[in-house]
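This report concerns only the one structure given below.
The values are calculated or read from the model by the stated rules, or taken from the named source; none is laboratory data. Small disclaimer: the values here were computed from a predicted structure and weren't measured. Cβ sites come from the backbone with ideal geometry, for glycine too, and all protein chains shown count toward neighbours. Accessible surface is based on the protein model in full, side chains and every heavy atom, while ligands, DNA and RNA are left aside. Shrake-Rupley method; radii C 1.70, N 1.55, O 1.52, S 1.80 Å.
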Amino acid sequence: MPELPEVETVLRALEHRIRGRKIVDVKVNYAPIIDGDVSVFVETLKNQRFQGFLRRGKYLIFQMDTCYFVSHLRMEGKYFIKEASEPFSKHEHVVFTLDDGMTLRYHDTRKFGRMELWPLDCDFNTFHNLGVEPNTDAFTSAYVYEVCKKKDMPLKTLLLKQDFIAGIGNIYADEILFATSLRPGRSCKRITKKDSVGIVEETNRILREAIQAGGTTIRSYTSIEGVHGRFQLSCMVHEQKVCKVCGAKIQMKRIGGRSSYYCPVCQK
């Protein structure tokens with residue numbers, strides 16, 4: 001699933017290409033992708049322009065003239081910009097025809113992605129019960145420490161909870177834990193104030209670097225330009241064989257149904 005850096009990369013690529021463009025037509029080929037009435041979705045977005053580009057957690061948020069158009073890529077969602085004359089793929093489920101003759105096409109092999117409309121007065125601070133955003137004033141070591149002391153669960157599980165920190169997924173959780181020398185199975189209640197400082201600092205650093213690298217390409221992530229992310233070249237443990245620091249064999253265990261990679265030497 002695309003995580004915060006991948007979603008941010010897609011958002012900025014789209015902003016570069018379609019800011020100010022008007023939607024002149026919308027075609028929905030697979031209705032379940034739309035949350036709510038499909039006809040309302042189509043008619044509302046017709047003749048509206050892409051005015052602003054936001055991200056909340058793993059959600060793409062487009063500010064239109066009279067509403068917000070929100071898109072979640074889920075596992076395989078991608079956006080492509082193509083000439084209207086180009087043949088359609090069977091996996092292009094929602095197609096927006098733009099006023100410059102191009103089409104913005106939502107491609108989703110597994111059909112898990114979702115789109116919805118929200119009013120302009122929507123409060124994105126409480127949107128879908130998402131937690132704090134990394135690299136903001138709300139994401140502090142005091143916040144992390146306070147939450148951890150109330151949770152009886154593995155630290156890896158907590159990092160993946162979107163109502164704790166918005167946008168972190170499996171790849172970056174593994175990398176954050178390695179950078180802080182904490183094992184994924186460590187109980188949240190054993191986290192110290194010093195650990196909490198490290199979690200905040202390393203989360204912010206790793207996500208910033210991943211955004212600069214265009215995200216991580218491990219399986220099928222791509223931006224709308226067809227440019228694959230490069231952060232996988234910097235991964236220290238996720239899907240790695242040997243620790244780049246000490247040379248120990250990377251271990252993998254299942255935590256909460258997710259594959260968790262760690263170094264048994266560097267992560268005590």
Practice task
Identify the trypsin sites (Lys or Arg not before Pro) of region 1-49 meeting these criteria: DSSP loop state and at most 14 other C-beta atoms within 10 Å of the C-beta.
Solution key: ARG19, LYS46
Practice task
Give the carbon-plus-sulfur fraction of the accessible surface of the chain in %, rounded to a whole number; probe 1.4 Å, heavy atoms of protein chains only.
Solution key: 49 percent
Problem - ³J(HN,Hα) computed for each position of region 100-109 - Karplus, 6.51 cos²θ - 1.76 cosθ + 1.60, integer Hz, glycine/proline x - result: 9, x, 8, 10, 9, 10, 8, 10, 8, 4
Handout entry: Karplus 3J(HN,Hα) series, Hz, for region 81-90 with 6.51 cos²θ - 1.76 cosθ + 1.60 (x for Gly, Pro)
Key = 10, 9, 4, 4, 7, 5, x, 8, 7, 5
Practice task
Using label points projected 7 Å from each Cα along Cα→Cβ, tell me how many nm separate SER85 and THR140, to one decimal.
Solution key: 5.9 nm
Completion exercise
Checked region 38-148 against the a/c 1.5 cut and the a/b vs b/c comparison, axes a ≥ b ≥ c from its Cα gyration tensor; verdict prolate
Problem - Sequence of ARG55, ARG208 from largest to smallest accessible area, 1.4 Å probe - result: ARG208, ARG55
Practice task
Would you please give the residues with an amide H less than 5 Å from that of PHE53, counting only those at least 5 places away or on a separate chain, with H modeled from the backbone geometry?
Solution key: GLN63
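Quick one: order SER187, SER196, SER39 from most to least accessible surface, probe 1.4 Å.
Details: SER187 35, SER196 0, SER39 70 Å².
These residues rank, largest area first, as SER39, SER187, SER196.
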Exercise for the section: Using a 10 angstrom cutoff on alpha carbons, build the Gaussian network for the chain and name the most mobile of ALA84, ALA210, ALA166. Expected result: ALA84
Completion exercise
Sorted largest first, the C-alpha extents of region 85-178 along its principal axes in whole angstrom are 56, 33, 20
Exercise for the section: Determine which residues of region 131-173 fall in the zone a paramagnetic label at GLU239 would reach in this model, i.e. backbone nitrogen under 11 Å from the point 7 Å along Cα→Cβ. Expected result: 171
Handout entry: Charge dipole of the chain about the Cα centre (unit charges at C-beta), most positive-ward option of HIS93, ILE168, THR109
Key = ILE168
Problem - Label-zone membership for region 1-26, site MET75, 7 angstrom Cα→C-beta point, backbone N under 17 Å - result: 1-3
Practice task
Determine the per residue accessible area of the chain with all protein chains present and a 1.4 angstrom probe, expressed in square angstrom.
Solution key: 46 Å²
Handout entry: By accessible area with a 1.4 Å probe, ligands and nucleic acids excluded, highest first: order of PHE88, PHE127
Key = PHE88, PHE127
Problem - Virtual spin-label span in nm between THR192 and HIS16, 7 Å along Cα→Cβ - result: 4.4 nm
Fill in the blank from the handout: Percent relative contact order for the chain, counting Cα pairs under 8 Å at least six residues apart, stands at 19 percent
Fill in the blank from the handout: Residues meeting the amide H criterion for ILE34 (H placed from the backbone, H to H distance under 5 Å, 5 or more places apart or on another chain) are MET115
Problem - Candidates VAL94, VAL245, VAL42: whichever shows maximal mean-square fluctuation once the chain is modelled as a Gaussian network with Cα springs under 10 Å - result: VAL245
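Residue separation times 0.36 nm, minus the C-alpha to C-alpha distance between GLN63 and SER181: what's the value? Show your work: numbers first, answer last.
On the way: separation 118, 0.36 × 118 = 42.48 nm, distance 4.02 nm.
Separation in residues times 0.36 nm, less the Cα-Cα distance, equals 38.5 nm.
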